[in-house]
């Protein structure tokens, strides 16, 4: 096992009883903070008749109403541009972002100076140390920036920590491949989709990214870094360790993988996490799939309390071999509760289908899942493409037949598979959009 590095060993290895006491104290303080400063939260808590002083144990947190994205969007619609959830004057903002809007209208997000230069920095120092990144490393960032928060915080924090940053925006994928070698990058970040796409581009250039100096790959934006076959594909492509990084624009980055690579840790010093049944909203047992609910314990600008992030996870509170006592998410983010679909009485996670697809040597890294309209009597369709134009029709047919057999055995129903020409499926630099629901 690689050397284990900590941001704050005392806090990261703290016994659970002490951690829970610290979380209760911080939760009460943050709840009081939003009650005093956020008109939205004051109205919400007054309406339900709950006060921060009512929270005397962690179990009392279940009395606190949830926060959902829809109410944040509605608040911003009524009171543009920031709504009533923010706790600081708008003129205090130094960074603005918006959500990707993949499920509707984008939500605007703001950070004041303390959140951007202190709290965000502190969060990513846990990540940096867990991945084993040192000041002597060189981070290559292979994409351009916009209003989406992706990689802004990671780059800014590592830069603040003294890591050299090589920006790769406004370039072709071929030029980015060249940059990785020319600048001697030792760390690279991106979505699993785009990281694998760079590998495809390099292969066409007759270059292997495994021959570069990259030793650490940080993947975020999609479930993938903790999908076994996808992680293996990335690690084989770069000849490096691939680590998971999870978060969202609204609640910021909260989870990181350590060198042991047995689940994604939640930074419980800065977040309080719950795992609830998506239907009953009651707690599920550790090891069972539930919806992740998070509360910010530190931020100032727009802390969210009991935010239903809609990600599906499995909690593991057993101490990790790395020494951290932070809870882990087994398998990282398993999918989203609004992406999971039921077919033939089976709950299906798109990430489970991805895991099967990545195991097929003759398939490229791109795919689409087409879910038919309910009661249409159609099968689920999986759209794939050959790894290259050199894959023969017979080899592709053999691969499709094997995939269908594996799918039937592991998912329990039979899909339709459509093969398109090599390169025929869309490529994505940011989050890939592969799940298509027919209407």
Treat region 341-437 as a sphere of radius equal to its Kirkwood radius over Cα pairs and apply Stokes-Einstein at 10 °C in a medium of 1.306 mPa s; give the translational diffusion coefficient in µm²/s, rounded to a whole number. 114
Cα centroid separation - region 304-326 against region 416-433, whole Å: 32
Extension reserve of the residue 47-residue 3 stretch, reckoned as 0.36 nm per residue once the Cα distance is removed: 10.7 nm
Whole-angstrom gap from region 245-290 to region 75-99, using each part's C-alpha centre: 26
Using only the Cα atoms of region 1-149, each taken as one equal point scatterer with no solvent, compute I(q) by the Debye sum, divide by I(0), and report log10 of the ratio at q = 0.11, 0.15 Å⁻¹. -0.63, -1.08
Mean projected area (nm²) of the alpha-carbon convex hull when region 313-373 is viewed from all directions: 6.4
Only Cα pairs under 8 Å and at least 6 apart count here; give the relative contact order of region 341-437 as a rounded whole percent. 34
Per residue of the chain, what 222 nm ellipticity follows from adding -39500 (n - 2.57) for every DSSP H run with n ≥ 4, rounded to the nearest 500? -9000 deg cm²/dmol
Return the inverse of the average 1/r over all pairs of distinct C-alpha atoms in the chain, which is the Kirkwood hydrodynamic radius, in Å to one decimal. 22.9
Taking the alpha-carbon centre of each part, the distance from region 114-183 to region 46-62 in Å is 39
Could you give the length gained on full extension between residue 338 and residue 18, defined as 0.36 nm per residue of separation minus the Cα-Cα distance, in nm? 111.7 nm
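Which percent, nearest 5, of DSSP beta bridges in the chain are antiparallel?
Working: 38 of 60 bridges.
Percent antiparallel among DSSP bridges in the chain is about 65.
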In this structure, the FRET efficiency calculated for residue 406 and residue 147 from their beta-carbon separation, with R0 = 45 Å, to the nearest 0.05, is 0.65
Separation of the residue 390 and residue 136 label points, Cα + 7 Å toward Cβ, nm: 3.8
FRET E, pair residue 321, residue 280, Förster distance 35 Å, beta-carbon r, rounded to 0.05: 0.55
If the chain between residue 29 and residue 96 were fully stretched, how many nm would it gain, using 0.36 nm times the residue separation less the Cα-Cα distance? 21.6 nm
Work out the FRET efficiency for residue 175 and residue 229 from their Cβ-Cβ distance, taking R0 = 25 Å, and round it to the nearest 0.05. 0.30
Expressed in whole Å with the largest first, what are the equivalent ellipsoid semi-axes of region 96-182 derived from the C-alpha gyration tensor as the square root of 5 times each eigenvalue? 23, 20, 10
Provide 208, 364 in ascending order of the number of other Cβ atoms located within 10 Å of each residue's Cβ, fewest first. 208, 364
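For region 233-390, just say rounded, prolate or oblate: build the C-alpha gyration tensor, square-root its eigenvalues into a ≥ b ≥ c, call rounded for a/c under 1.5, and beyond that prolate if a/b exceeds b/c, oblate if not.
In terms of gyration-tensor shape, oblate.
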Considering the zone a paramagnetic label at residue 113 would reach in this model (a point 7 Å from Cα along the Cα-to-Cβ line), which residues of region 144-176 have amide N under 19 Å from it? 156-157, 160-161
Spin-label proximity, residue 346 to region 392-414 - amide N less than 15 Å from point 7 Å beyond Cα toward beta carbon: 402-414
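Since every read-out is calculated from the coordinates, none of them should be taken as a lab result. The shown structure was predicted, so the numbers you read here are calculated from the model rather than taken from an experiment. Glycine gets a Cβ as well: all are built from the backbone with ideal geometry, and neighbour counts include every protein chain shown.
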